[in-house]
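One structure below.
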Amino acid sequence: MKKIIYSTLLIASVSLSACTKFLELTPQSEYSVAGAYKTQNDFQQAIAGVYAAQQGLYSPNESWFRKLIARTDEVSVGQMYLEGMDQFIDNATHPWVGQSWNSYYRIINLSNLILDKVDQGEFTDPKMRDYIKGEAYMFRAYSYWTLGWIFGGVPLLEKPQSIADIKTVKRASQEETFAFAENDYKKAIELLPVEWTGANKGRVTKYAAEGMLARLFMFKSKFAQAKPLLADIINSGKYAMESNYRNAFNDGFDNGKERVWEVQFTGGQTGEGQTFTTGLLPEGFNDKSVMPFSGYSTAMRVAPSFYNSYEKGDLRRDQSILKGWVSNTGVRDTVSMFIIKYHPHTYVPKTQQDWANNLPILRYTDVKMMYAEALNEEGYTAGGEAFTILNEVRKRAGLPALTAANLPTQAAFREALRRERRSEFAFEGLRWLDLIRWDIAEKTMNQFLSLPLEGGGIYTMKPTHRLFAIPFEELSRYGNEQVLWQNPGY
């Protein structure tokens, strides 16, 4: 395989061998970079490599997903293998920050390789050129958006470059990083199809791009700009809330009506299963009526305060959290609580690494709840459409409707919606994002950290912790603080 020179920001080689649910690739031995980026089939394989790189974000212990959950008031602090991420004592040498940085830049680099060559490619289907180009823009936008809100501004790489050239690309501001992602999202919206069918189902669509751009606007409190994007998804008629909350996460409903965008996985011992579900379960777990496998010693324990925050009768609690379990040695634990949100349904995995469950990035329920939030932020309407959406979510959870008598003001509705999001999107990696964008992270987390079971005030979140540290290894490679510098406080 011909060697390509990549940035030291990135993984130093390209792997296009992994498959997805919707693409079958030729073996890697039959596909070399020297012959790549010419034909339509080349670009199909190349974009499959981007989807495969996205899967890597959800490995059980190193994943972006796991650490964002650990950062919140959803799970207890002081657990093993989190290296202080949950206690706000992490730093630039924390392995996760480097892994996350590299993972997203790998997606960016793979996307840039496609965008650099796709217009000169030989396509038998002109529409497919636009679609693959749109996918590459979408993944690059998603990566810069995520890097931006996690790390702040980052170097913006728009094309494949040599190491020497990359080291001259100065770190952008967070606002510039978001603007770059916004522009890419808009390009993706113009190019992507409204849906994929058949073997291609599960690939990213125009509506996924609209939803993710809306999420960016919601983060920036640009509700007027988010609202039409969310309305377009709602009015498309292509999505609906699952009648059963559990079906929003089961493998039997992968790429179903609630799934606007999700990370694709396949069971059947194909090497394309996910391990994340196993990583949530405790080591020694032995209740096959709940889950087919024991988990790992790294499993996060659900915070008792979060478990107790659910309203009485909320069906989502016991569909998401297991309280008490019996180990394979017969020991009964009636106190510890673990995450069981991602149940098997159609396919029972054969090994711990064989889960077929796709993992959510954007659910239709989130689209509707963001829309309700935008409506309320633009102007409270007693009993209006925002109430209708909130109560639709509550009804599925088995909870009574709320009226203007319960929520008589804009502020009251805002707080109710925030409580609802906490229960609805538990362990989906959205809680930390919500706390930051609502400007309540320090207040919420310090109240949580003051609880006797969560350190009793030993740990503190400071404003600097809204961003993570820039990886030390990247700073060392650059060796130039005028180009790449550390975030304040680290």
Tensor-based shape of the chain (alpha-carbon gyration tensor, a/c under 1.5 rounded, otherwise prolate or oblate): rounded
query: How big, on average over all directions, is the shadow cast by the Cα convex hull of region 276-357, in nm²?
result: 5.6
- prompt: Hey, can you rank 184-194, 330-340, 363-373, 444-454 by average C-beta count inside 10 Å, highest first?
  reply: 363-373, 184-194, 444-454, 330-340
message: Which of V169, V50 has the fewest other C-beta atoms within 10 Å, and how do the rest follow up to the most?
response: V169, V50
Dimensionless Rg ratio for region 207-303, taking C-alpha atoms and the 2.2 N^0.38 Å reference: 1.41
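Give me D165, D125, D86 sorted ascending by neighbouring Cβ count inside 10 Å, so fewest comes first. Don't skip to the answer; put the middle values down first.
Numbers: D165 13, D125 9, D86 26.
Least crowded to most crowded, the residues run D125, D165, D86.
Given axes a ≥ b ≥ c from the Cα gyration tensor, I'd like to know whether region 355-406 is rounded (a/c under 1.5), prolate (a/b larger than b/c) or oblate. Could the numbers behind the result be given before it?
On the way: a/c = 4.59, a/b = 1.69, b/c = 2.72.
The shape class here is oblate.
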query: At what distance in angstrom do the alpha carbon centres of region 193-251 and region 62-79 lie from each other?
result: 26
message: What's the magnitude of the charge dipole for region 276-357 around its Cα centre, counting Lys and Arg as +1 and Asp and Glu as -1 at the beta-carbon? Answer in Debye, nearest 20.
response: 80
query: Hey, can you rank 220-226, 69-75, 208-214 by average C-beta count inside 10 Å, highest first?
result: 208-214, 69-75, 220-226
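How do H465, H345 line up, fewest other C-beta atoms within 10 Å first?
Working: H465 20, H345 15.
Sorted ascending by nearby Cβ count, the order is H345, H465.
Too long at a 25 Å Cα-Cα cut-off: which of K312/K395; K159/K368; K341/K395; K288/K368; K117/K227?
Details: K312/K395 13 Å; K159/K368 36 Å; K341/K395 19 Å; K288/K368 35 Å; K117/K227 35 Å.
Going by Cα-Cα distance, K159/K368; K288/K368; K117/K227 fall outside the 25 Å limit.
Computed from the coordinates by the stated procedures, all read-outs in this text should not be read as laboratory data. Note that the structure is a prediction, hence the values are computed from the model and not measured. Please note: Cβ atoms are built from the backbone with ideal geometry, for glycine as well, and neighbour counts cover all protein chains shown.
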